[in-house]
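Structure record follows, encoded as structure tokens.
The values are calculated or read from the model by the stated rules, or taken from the named source; none is laboratory data. These figures come from a predicted structure and were not determined experimentally. Every residue, glycine as well, gets a Cβ built from its backbone with ideal geometry; the counts of neighbours run over all protein chains shown.
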Amino acid sequence: MITTYQQFKSIAKFDQIIITDTQTQTGYIKFLHQLWRTLQSNNDPNAKETLQGYIKHNLLDSEYDLQSIIQDTCILCHKDVKPYKLKYHEYAVHYKYDYLLNTIEYKFRNIPKHKIITENLRSNKIINPDVNIDSQIVQNILESLVNDSNIILNYKQLCYNILVKRPTEIFTFYDYSNNKFHLTTWITDTLFNLRSSEFRCVIVKDQDLKDDNKVLERLKLIPNIIVNSKSKNMYDIPKFEKYINNNKTSIQQHFQDQTKTFNHINDLFCKTNLLFCNFLKWICT
């Protein structure tokens, strides 16, 4: 007969449980090399992940005393803790395990148990923690796409501001195109998939800066502004396509999955099996 927390733990194979409220049995549960999961209130009929639910699910084939296990767990695991608030430059990412990515140093570290980082903060994409990934390929591709080196420097600063260090003053980047705004797509996709909870940039059209007072007022609160403008074009698509065609093999060698190809320009830095990780490193280093 299973009656204790330790007996339950030996069968369920989780790493640790923290109970923050013994009345509702809310708290957190952690499995090895993973982020914490939230234990929802046992009083909530719509709750899907509860302490009681984990006990029942993991002890299906065992004889156990549910209330005794709950009581023992609440006594042994009760702690007054709060979720860890990720710093501006920190991201919870996943490869085979969960890691904490520090974009200032571009280092991936195992997440200490005492930092209660929950699964809802984990990046949407699998990110290879290999710090030796080549980022020069990103620079080469950007130089084939955009002729002006100052634009690339400004773009890198924008990306750094968004993912690494919040600027002290408002930073504005103009993305000029008569068709698709590729540089905008790449950085906003990266930010979205790293799951930052902060509002770090805003995208506006150039006419909005002139015509809409509400937009202008709102921009005062946002550290990074991306202006999409069709007043001119900064993309040299023929040059880009020529570079890609002439360097297909060498570019493909940098793909996370070298069996893959890409069908659209945006795929290059948006897909993790292509050059997403290279693009991320290029931003941070």
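Right, Leu86: surrounded by 15 or more Cβ atoms within 10 Å (Cβ to Cβ) and closer than 30 Å to Asn128 by Cα or not?
On the way: surrounded by 15 or more Cβ atoms within 10 Å (Cβ to Cβ): yes; closer than 30 Å to Asn128 by Cα: yes.
Criteria met by Leu86.
How many residues does the stretch 3-30 hold that are modelled with pLDDT under 95 and on the phi > 0 side of the Ramachandran plot?
Residues that pass the stated criteria total 1.
For Thr261, work out the one condition from (1) assigned to a helix (DSSP H, G or I); (2) more than 23 Å from the chain's Cα centre (by Cα) it doesn't fulfil.
For Thr261, the failing item is (1).
For the stretch 85-98, state whether one or more residues are under 29 Å from the mean Cα position of the chain (by Cα), modelled with pLDDT under 95 and acidic (Asp, Glu).
Within the stretch 85-98 (the criterion being under 29 Å from the mean Cα position of the chain (by Cα), modelled with pLDDT under 95 and acidic (Asp, Glu)), the answer is yes, since at least one residue qualifies.
I'd like the residue in the stretch 105-155 that is touching a Ser or Thr at 6+ places or on another chain (Cβ under 7 Å) and among the hydroxyl-bearing types (Ser, Thr, Tyr) and, out of all such residues, is surrounded by the fewest Cβ atoms within 10 Å (Cβ to Cβ).
By that ranking, first place goes to Thr118.
Got a number for residues in the stretch 17-76 being part of a loop (DSSP other than H, G, I, E, B), over 30 Å from Tyr95 (Cα atoms) and hydrophobic (A, V, I, L, M, F, W, C)? If you could, list the steps in order and put the result at the bottom.
Going residue by residue through the stretch 17-76, those that are part of a loop (DSSP other than H, G, I, E, B) are 22-25, 31-35, 40-50, 59-63, 65.
Now narrow it down to the ones that are over 30 Å from Tyr95 (Cα atoms): 22-25, 41-46, 60-63, 65.
Checking which are hydrophobic (A, V, I, L, M, F, W, C) leaves us with 60.
Number of matching residues: 1.
If Thr22 satisfies all but one of (1) under 27 Å from the mean Cα position of the chain (by Cα); (2) farther than 28 Å from Lys281 by Cβ, what's the number of the condition it fails?
For Thr22, the failing item is (1).
Among the candidates His33, His78, single out the residue that is at pLDDT 95 or above and within 31 Å of the chain's Cα centre (by Cα).
Working: His33 fails: at pLDDT 95 or above.
Exactly one residue qualifies, and that residue is His78.
How many of the residues making up the stretch 115-168 are in a loop (DSSP other than H, G, I, E, B) and either in contact with a strand residue (DSSP E or B) (Cβ under 6 Å, 6 or more places away or on another chain) or among the aliphatic types (A, V, I, L, M) (or both)?
Our first condition is that a residue be in a loop (DSSP other than H, G, I, E, B); within the stretch 115-168, this holds for 115-117, 127-135, 147-148, 164-168.
Of the ones still in play, those that are also either in contact with a strand residue (DSSP E or B) (Cβ under 6 Å, 6 or more places away or on another chain) or among the aliphatic types (A, V, I, L, M) (or both) are 116-117, 127, 129, 131, 133, 164.
Within the stretch 115-168, residues that are in a loop (DSSP other than H, G, I, E, B) and either in contact with a strand residue (DSSP E or B) (Cβ under 6 Å, 6 or more places away or on another chain) or among the aliphatic types (A, V, I, L, M) (or both) number 7.
Here is a check on your reading of the model: is Ser231 modelled with pLDDT under 95, farther than 24 Å from Ser177 by Cβ and either over 22 Å from the mean Cα position of the chain (by Cα) or assigned to a helix (DSSP H, G or I) (or both)?
Values: modelled with pLDDT under 95: yes; farther than 24 Å from Ser177 by Cβ: no; either over 22 Å from the mean Cα position of the chain (by Cα) or assigned to a helix (DSSP H, G or I) (or both): yes.
Taking the combined requirement at face value, the residue does not satisfy it.
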